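Reading through the structure tokens given below for one structure.
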Amino acid sequence: MFEYSVYTILTGTLAGFIAGTSLTWTSPEIVNLNNTDTGYFNGTLTAEDSSWIGGVVSLGAALGPFIFGYLADRIGRKYTLLAISVPFAISSIITAFSNKVVEILVARLITGVGIGGAFTVLPIYVGEMSLDEHRGALGSGMNCFICFGLIFTYVVGYYISSVMIFNILLACLAAGYFVIFALIGTETPHYYVQKNKHDLAKAALLRIRDTPEDVTEKELELIKSEIEKEEQGSIVDIFRSKGTTKAFIIGSGLVFFQQASGINAVLFFAQQIFQDAGTTLAPAYCSMIIGGVQFGTSFVTPLVSNMFGRKVLLIGSAIGMALSESILGIYDIIRAADEDKVSSLSFLPIVSLVLYIITYNVGFGPLPWAVIGEIFPNSIKSSASALATSVCWLTSFIITKWFSQVAEAIGQGQCFLGFAGFSLLAAVFVFFVVLETKDKTLAEIQVDLNK
């Protein structure tokens, strides 16, 4: 039904599911860790402890791109994606048997390294394995797996109150991914050509493409011509030409605004946000609704990305995020001043965040990673993707580490109005700076960037 490249891409993006389970880990697990009856810490975790547990994963994720980006060029995309499962398994085992805050922090830092690696290497893998007409949908499809991981942790983490059992389960999932991708995954032809292993590149193309041999030969020659005219570059080379500098501005700008919209504050501290907003529905169930909506809407972008193009979806997404966060921000500000004025609107926090998740997931959730997988030339793809991904996670660290403290100091409503402001700036950035990549080959994208 599908060519083999689709199957190998889908098994590879299972790493996105593993990363997703870790992104929302703090929402149920901090509650479980601090449970006065069954938690390891029996109510002794402080707000500062919780903020570090939530934030340190982003520091690890800022480091991971450089480790795994380097490995992607040295041992190949496939073996690097297999290696990404290791930090997830190790960190889950540490957490399962930890009873000290410092041990949890070390485990979450290791988790972050794996997350940063997944967000760096997966877009490269998908971009190199996909046919041009499938690249947008398959690149966006990575988000479906991530969102499935988010809802998995919201639901399963809530109902499995034992921290040890839940984290052993996460370690088993990481091991399962390793086995499945080891059996089904294929190295990309681009990597083989970079290493002058042209026979292996041809064999890989014959395996992943459902095309006659003469068509395969033409694609191989195209890959050779793209790669052989480029010298292998480093991070410094990102800024030595107009095209690569513009590509980096686009890639890092998109992931900066993705995080500045407040997405990880919502995912990491969903239960706290709903509790502080005074919604009448139990915060844990509100989190599950958010996760369910995010998973459900994650299937929209793969279907429409090649229909409307990246820029239209990104601009619409940014405006939708700004609107929904403004509603929540104004609600919170009014409630803080006079709770009776909004007592009949207790449904508004969940409605506004559902709208936020829908609009985020249509554009700014998946598309920055799809674009990053498209815009960098092969010579600097790994180093540039790593640097752009680190921008994403350093921004995430700043937001997740200090969100709770800033919300307490100036008000949660003011924080969400700030996120709304960044979302509006994101729409402006996309309109004036971002390049449309719909229906273009990777070579055509490089020509447009250098104009």
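The values are calculated or read from the model by the stated rules, or taken from the named source; none is laboratory data. Note that the structure is a prediction, hence the values are computed from the model and not measured. Don't worry about glycine lacking a Cβ; one is built from the backbone with ideal geometry, like all the others, and counts go over all protein chains shown. Areas reflect the complete protein model, heavy atoms only, side chains present, ligands, DNA and RNA absent. Shrake-Rupley method; radii C 1.70, N 1.55, O 1.52, S 1.80 Å.
Take the residues of segment 21-41 that are of a type in the set (Ser, Thr, Tyr) and modelled with pLDDT under 90: which is nearest to Pro366 (Cα to Cα)? Steps first, please.
Kept after step one, since they are of a type in the set (Ser, Thr, Tyr), are these residues of segment 21-41: 21-22, 24, 26-27, 36, 38, 40.
Those left that are additionally modelled with pLDDT under 90: 24, 26-27, 36, 38, 40.
Numbers: Thr24: 17, Thr26: 22, Ser27: 22, Thr36: 38, Thr38: 37, Tyr40: 36 Å.
For segment 21-41, the residue satisfying everything is Thr24.
Please enumerate the residues belonging to segment 426-451 that are part of a helix (DSSP H, G or I), buried (at least 17 other Cβ atoms within 10 Å of the Cβ) and at pLDDT 85 or above. Within segment 426-451, Ala426, Ala427, Phe429, Val430, Ile445, Gln446, Leu449 qualify.
Note on segment 82-121: residues that are outside any loop (DSSP other than H, G, I, E, B) and of a type in the set (Phe, Trp, Tyr) amount to 2.
What number of residues within segment 25-70 satisfy the criterion of being open to solvent by less than 70 Å² (accessible area, probe 1.4 Å), assigned to a helix (DSSP H, G or I) and free of Cβ contacts under 8 Å to residues at least 40 places away in the same chain? Of the residues in segment 25-70, 1 are open to solvent by less than 70 Å² (accessible area, probe 1.4 Å), assigned to a helix (DSSP H, G or I) and free of Cβ contacts under 8 Å to residues at least 40 places away in the same chain.
Pairing each residue of segment 439-451 that is not assigned by the TED database to the domain that holds Ala370 and among the polar types (S, T, N, Q) with any residue that is in a loop (DSSP other than H, G, I, E, B) and open to solvent by 80 Å² or more (accessible area, probe 1.4 Å), provided the two are 6+ apart or on different chains, yields no C-beta distance under 6 Å.
Under 27 Å from Pro123 (Cβ atoms), modelled with pLDDT under 80 and open to solvent by less than 10 Å² (accessible area, probe 1.4 Å), is that true of Thr389?
Working: under 27 Å from Pro123 (Cβ atoms): yes; modelled with pLDDT under 80: no; open to solvent by less than 10 Å² (accessible area, probe 1.4 Å): yes.
So Thr389 does not fit the description; no.
Looking only at segment 4-20, decide whether some residue is at pLDDT below 90 and surrounded by fewer than 17 Cβ atoms within 10 Å (Cβ to Cβ). Yes - at least one qualifying residue is present in segment 4-20.
Listed by position, the helices (runs of 4 or more DSSP H) inside segment 152-245 whose residues that are at pLDDT below 85 and open to solvent by 80 Å² or more (accessible area, probe 1.4 Å) number at least 3 are 213-228.
Among the listed residues Val362, Val391, Val428, Val434, identify the single one that is within 30 Å of Ile333 (Cα to Cα) and touching a helix residue (DSSP H, G or I) at 6+ places or on another chain (Cβ under 6 Å). Break it down stepwise before answering.
On the way: Val391 fails: within 30 Å of Ile333 (Cα to Cα); Val428 fails: touching a helix residue (DSSP H, G or I) at 6+ places or on another chain (Cβ under 6 Å); Val434 fails: within 30 Å of Ile333 (Cα to Cα).
After applying the criteria, what remains is Val362.
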